[in-house]
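Worksheet: one structure, shown below.
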Amino acid sequence: MSVVAPGQAVAESVVAPSHIAISIAFDDLPRTERSRTFEEWPTFRCRQSVSFSRIGHRPSSISEDQVSDFNEQVRITTADGAVALVAKANATAVSGVSKDGFGVEGRARGSGVVGVSETWIGVYGESTGGAGTDAVRGQGKGSTCGVAGHSEQGIGVYGKGQQYAARFDGRVLVSGNVRIEGNLESTNQVSAKTGYFPDEVSSYRFSALGGDYAETFASEDEFEPGTVLVIGNEGLLTPCGTQYDTRATGVVSGAGGLNPGSVMQSNPDSEHHVTLALAGQVYVKADPQYGAISTGDLLTTSPTEGCAMRVSDRGQAVGAILGKALSSLEGAPGLLRMLVTPS
């Protein structure tokens with residue numbers, strides 16, 4: 001292996017004090033001057049990578065109290081594409097100790113520090129300094145990630161702790177699914193667009209972001225939100241078409257931008273199904289030609305397909321009430337806000 005230094009020296013087998021191979025022997029100097037340590041030649045250049053083999057018996061790491069003297073810095077410069085330093089050992093290959101700065105620091109346009117292991121941990125960090133002295137820390141500058149974990153088949157990022165496995169100070173964004181095998185505890189609000197809980201969920205207070213409590217039912221076809229439905233042939237729901245129909249079941253949820261707050265998935269065994277509002281507020285299609293509708297009026301089925309109308313005969317409305325009007329409507333058919341109160 002070629003080493004270019006004063007005297008055009010060539011590195012051979014070298015052993016420095018404490019059995020760490022960091023000394024250089026020079027072939028073109030008198031034998032009495034061939035052995036020199038890095039203290040004597042702190043700066044040198046290599047045409048190819050430098051490989052140091054550690055021999056002897058000593059602990060696998062260097063402690064701070066073993067560092068008593070400070071020498072000049074060692075610089076190793078290689079040609080493009082060459083490895084600057086290769087250290088081989090049965091235990092620790094490279095150990096860095098610093099009293100005030102970094103034990104090991106890597107700077108590069110690519111990866112600053114890379115750790116690769118076939119049988120253990122690629123990069124290992126340990127800290128005994130207490131709170132605030134993290135074993136491993138990543139700090140992203142600008143829009144970069146502070147810490148990123150990627151795995152082809154396993155877990156991208158794994159955390160384990162006596163108190164908490166992970167802590168996040170700020171918002172957490174998850175673009176996929178979140179699986180919780182233990183309990184979900186929160187001292188503040190928990191919000192999500194969708195979720196699946198295959199087991200029991202307990203809450204002192206549950207706030208649903210929607211207008212009604214709904215359930216899926218089998219239907220003859222797909223019907224638009226706000227449609228008034230009744231029980232049809234073979235138990236499939238279908239739009240109403242007569243007044244005061246005691247087969248009335250309710251209104252398809254989701255009209256007027258008022259989505260259901262909670263939906264029971266009954267998994268109906270049919271080609272088509274609808275989400276029917278069972279309780280709460282919903283927008284319903286209504287036809288005021290059978291009487292102008294005022295706030296507080298009872299609503300029932302009408303002859304107009306899929307529309308509600310005002311109850312004018314309470315006797316006929318028994319068993320056919322859909323709910324109470326929360327707004328008024330007159331003139332042409334349209335959407336009406338309704339409180340679901342089935343009879």
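Derivation of every value follows stated rules applied to the coordinates shown; laboratory data play no part. Note that the structure is predicted; figures quoted are calculated from it, not measured. Cβ: placed from backbone, ideal geometry, glycine included. Neighbour counts: every protein chain shown.
If each residue's Cβ is checked for other Cβ atoms within 10 Å, how do HIS273, HIS150 rank with the fewest at the top?
Taking fewest neighbouring Cβ atoms as first place, the list is HIS150, HIS273.
Given a Förster distance of 25 Å, report the FRET efficiency between ASN177 and ILE121 from their Cβ-Cβ distance, rounded to the nearest 0.05.
Step by step, r from the Cβ atoms, then E = 0.30.
Could you calculate the FRET efficiency of LEU184 with VAL318 from 1/(1 + (r/R0)^6), where r is the beta carbon distance between them and R0 is 35 Å, rounded to 0.05?
Result of the calculation: an efficiency of 0.20.
Can you list residues from other chains, or at least 5 along the same chain, whose modelled amide H is less than 5 Å from the amide H of THR249?
Those qualifying (amide H under 5 Å, at least 5 residues apart or on another chain) are LEU229, VAL230, ILE231.
Enumerate the amide H contacts of LEU85 below 5 Å, restricted to partners 5 or more residues apart or on another chain; note that Pro and chain-start residues carry no placed amide H.
Amide H neighbours of LEU85: VAL50.
Between LYS160 and ARG109, take the C-beta separation as r, use R0 = 45 Å, and let me know the FRET efficiency to the nearest 0.05.
0.85
Around LEU278, which amide H atoms from residues at least 5 apart in sequence, or from another chain, sit under 5 Å from its own amide H, with H modelled in the peptide plane?
TYR213, ALA214, GLU215
What order do you get for ILE321, ILE180 when you list them from fewest to most C-beta neighbours inside 10 Å?
In order of increasing Cβ crowding within 10 Å: ILE180, ILE321.
Between the alpha-carbon centers of segment 163-188 and segment 219-246, tell me the distance in whole angstrom.
Taking the Cα centre of segment 219-246 as reference, the centre of segment 163-188 is 43 Å away.
Using each residue's phi in segment 325-342, evaluate 6.51 cos²θ - 1.76 cosθ + 1.60 at θ = phi - 60° and report the 3J(HN,Hα) Karplus result to the nearest Hz, with x for Gly and Pro.
Result, ordered by residue: 5, 9, 8, 10, 7, 8, x, 8, x, x, 8, 10, 6, 9, 8, 6, 9, x Hz.
Quick check on the exposure proxy: order PHE223, PHE168 from fewest to most C-beta atoms within 10 angstrom.
In order of increasing Cβ crowding within 10 Å: PHE168, PHE223.
About the Cα centre of segment 81-172, how large is the charge dipole given +1 on each Lys and Arg Cβ and -1 on each Asp and Glu Cβ? Please answer in debye to the nearest 20.
That gives a dipole near 200 debye.
Stokes-Einstein at 37 °C, 0.692 mPa s, Kirkwood radius from Cα pairs: D for segment 212-340 in µm² s⁻¹?
After rounding, the answer is 232 µm²/s.
Residue-wise, which Karplus ³J(HN,Hα) couplings in Hz belong to segment 148-165, taking 6.51 cos²θ - 1.76 cosθ + 1.60, θ = phi - 60°, and x for glycine or proline?
10, x, 10, 9, 6, 9, x, 8, x, 9, 10, x, 9, x, 5, 8, 9, 6
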